[in-house]
Amino acid sequence: MNTLTATLLELSVPAAAVGSGALYAKAKMPRTYWATVGLPLTIHRIRHDFENVMEACGLTVEPSFWRAMASSATNRPAKPAMPRIRGMQASSTGLRVRLRLARGQQTSDLDDAAERLRHAWGVHAVHVSEVKPGVVDLRIVGFDVLRNVRMPRRAGAKSRELLRIPVALRADGTVHHRDYRQAPNGLNLGANQSGKSMFTRNLIHGLAPQPVALVGIDCKRGVEQRPFAPRMSALATDQGEALGLLLALLVEMDDRYDLIRDHQGVPGSVAAEDLTADIWGLPAKVRPVPIVVVVDEIAELFLVASKADEERRNQIVTALIRLAQLARAAGIFLEISGQRFGSELGKGATLLRSQLTGRTVHRVNDLETAKMGLGDISDAAVAASTRISPDMPGMAVAGDTSGQWSAIRTPFRSLTEVAERCAEFAHLTPDLDRLAAFRPPAATPANIPPMPSAPPSFAPVPAAE
């Protein structure tokens, strides 16, 4: 008996050490824990208990007539029909399970059961996405990927498509992109210390190596955007400069439309397949460079201190609305940030907001601000944005007017890191004649690294439909 006790004690010590190590890894190194313990355990649970879980979660339907007849002929009970596994693909953050739905089921059935599936399989989250009619993906997330954001290495390598920038990580472990071709104008809302500036830094960090012109409007005397001056084609740091810059952008927009019109020519002078109504259909040698206008705090352009400032304010608002409505085809895009963006800012605010398709809402101080950004997208998105914790800066809800939304979090980038990135690619800064008067002073040559041997390549821009 003593020998058996001693043997059990000898075995229990390593087992306890292994268990303690697993618990420590789960808390401190979740990726390591998922790769070594969580992933194999989850796959085993899914394969071993799949039928029971489907039945317990209400994801079964009555068997088809022919299956019921076959079961009756063999004196066996007919099993209920349920989704079938068509494949699994593991990742560093989770597991993707592809399912073929049973006849009569729809994607919303799995959406409703996602929380029950999460508990049944002991994972952090289960997200459902439709691949095609009758086929869905379950994106299983093994741990909270937004607690400590680490962008996938391939995110930077694959982001070679023009004007499509990886800026954050989604709650399902996939990369969230800011795509100016799909959503030309964006609105970025959030309270102080919520992560708005970090979102902008990630945008500029991704745009710096691309062949685009960056234009900044920062009425806080440029403290947010002046460090990026080496890569900026124009920068305005007060309301007066902002008005002049916006008027210059309108002239640039008109010039680009004249270029498109001249390329169309008279009927018969241009082949039908070469006709275009935007800059993307122009030949590469004459196509103007895209322009991204980043506005740091929209309220500073709307608010006035006296009646004497109202005329300037009205001109600024009118220029912004015209750019938001008309400039997409000319390759000019707006990215506007603010703490609030409602009718209390004054005439034109609601109209301008309606033109901003891409919406990103960080932590806000009141429900009304969340509704300003996400109220016309989804009530669930509004509710999600109001639950963002103050200790999670950079956390946000991103969506567009299609109704699709997701929880995201931007990775931390220091001001120095982004400034060095802009200095590194300062040689890519285009000179635009219409904006020359607003070009910020050049950076000190000693602070600019040597020019690389060749600029990065980008995927060709598809013709607009």
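The values are calculated or read from the model by the stated rules, or taken from the named source; none is laboratory data. All values derive from a computational prediction rather than experimental measurement. Neighbour counts run over all protein chains shown; Cβ positions are idealised from the backbone, glycine included. Accessible surface is based on the protein model in full, side chains and every heavy atom, while ligands, DNA and RNA are left aside. Shrake-Rupley method; radii C 1.70, N 1.55, O 1.52, S 1.80 Å.
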Pairs with Cβ under 6 Å, 6+ apart, first in the range 32-60 and on the phi < 0 side of the Ramachandran plot and in a helix (DSSP H, G or I), second of a type in the set (S, T, N, Q) and crowded, with 17+ Cβ neighbours inside 10 Å
54/60
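Just name the residue that is nearest to the chain's Cα centre (by Cα) out of those in the range 306-324 that are hydrophobic (A, V, I, L, M, F, W, C) and more than 17 Å from residue 241 (Cβ to Cβ). Working first, answer last.
Applying the first criterion (hydrophobic (A, V, I, L, M, F, W, C)) to the range 306-324 yields 308, 316-317, 319-321, 323-324.
Among the residues that remain, those that are also more than 17 Å from residue 241 (Cβ to Cβ) are: 308, 321, 324.
Working: 308: 40, 321: 24, 324: 20 Å.
Looking at the filtered set, the residue picked out is 324.
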Would you please list the contacts, defined by Cβ atoms under 7 Å and residues six or more apart or on different chains, that run from a residue in the range 170-183 that is over 16 Å from residue 203 (Cα atoms) to a residue that is open to solvent by 30 Å² or more (accessible area, probe 1.4 Å) and part of a loop (DSSP other than H, G, I, E, B)?
173/91
Any idea how many residues of the range 428-455 are open to solvent by 70 Å² or more (accessible area, probe 1.4 Å) and either at pLDDT 95 or above or of a type outside the set (Asp, Glu) (or both)?
13
Testing residue 113 on (1) among the hydrophobic types (A, V, I, L, M, F, W, C); (2) assigned to a helix (DSSP H, G or I); (3) open to solvent by 30 Å² or more (accessible area, probe 1.4 Å), one condition comes back false. Which one is that?
(3)
Tally the residues that are farther than 20 Å from residue 328 by Cβ, in contact with a helix residue (DSSP H, G or I) (Cβ under 8 Å, 6 or more places away or on another chain) and part of a loop (DSSP other than H, G, I, E, B), restricting the search to the range 286-303.
2
Note: among 392, 372, just one is out of contact with any helix residue (DSSP H, G or I) (no Cβ under 9 Å at 6 or more places or on another chain) and among the hydrophobic types (A, V, I, L, M, F, W, C), namely 392
Looking at 195, 244, which is the one that is open to solvent by 10 Å² or more (accessible area, probe 1.4 Å) and either under 19 Å from residue 361 (Cα atoms) or without any contact (Cβ under 8 Å) to a residue 24 or more places away in the chain (or both)?
195
Of all residues in the range 120-133, how many are of a type outside the set (A, V, I, L, M, F, W, C) and either open to solvent by less than 30 Å² (accessible area, probe 1.4 Å) or within 15 Å of residue 38 (Cα to Cα) (or both)?
2
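In the range 329-348, which residues are open to solvent by less than 30 Å² (accessible area, probe 1.4 Å) and over 24 Å from the mean Cα position of the chain (by Cα)?
345, 346, 348
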I need every pair where a residue in the range 312-328 that is open to solvent by less than 20 Å² (accessible area, probe 1.4 Å) has its Cβ under 7 Å from the Cβ of a residue that is β-branched (Val, Ile, Thr), sequence separation at least 6 or different chains.
323/332
For the range 301-311, enumerate the residues that are open to solvent by 80 Å² or more (accessible area, probe 1.4 Å) and not hydrophobic (A, V, I, L, M, F, W, C).
307, 310, 311
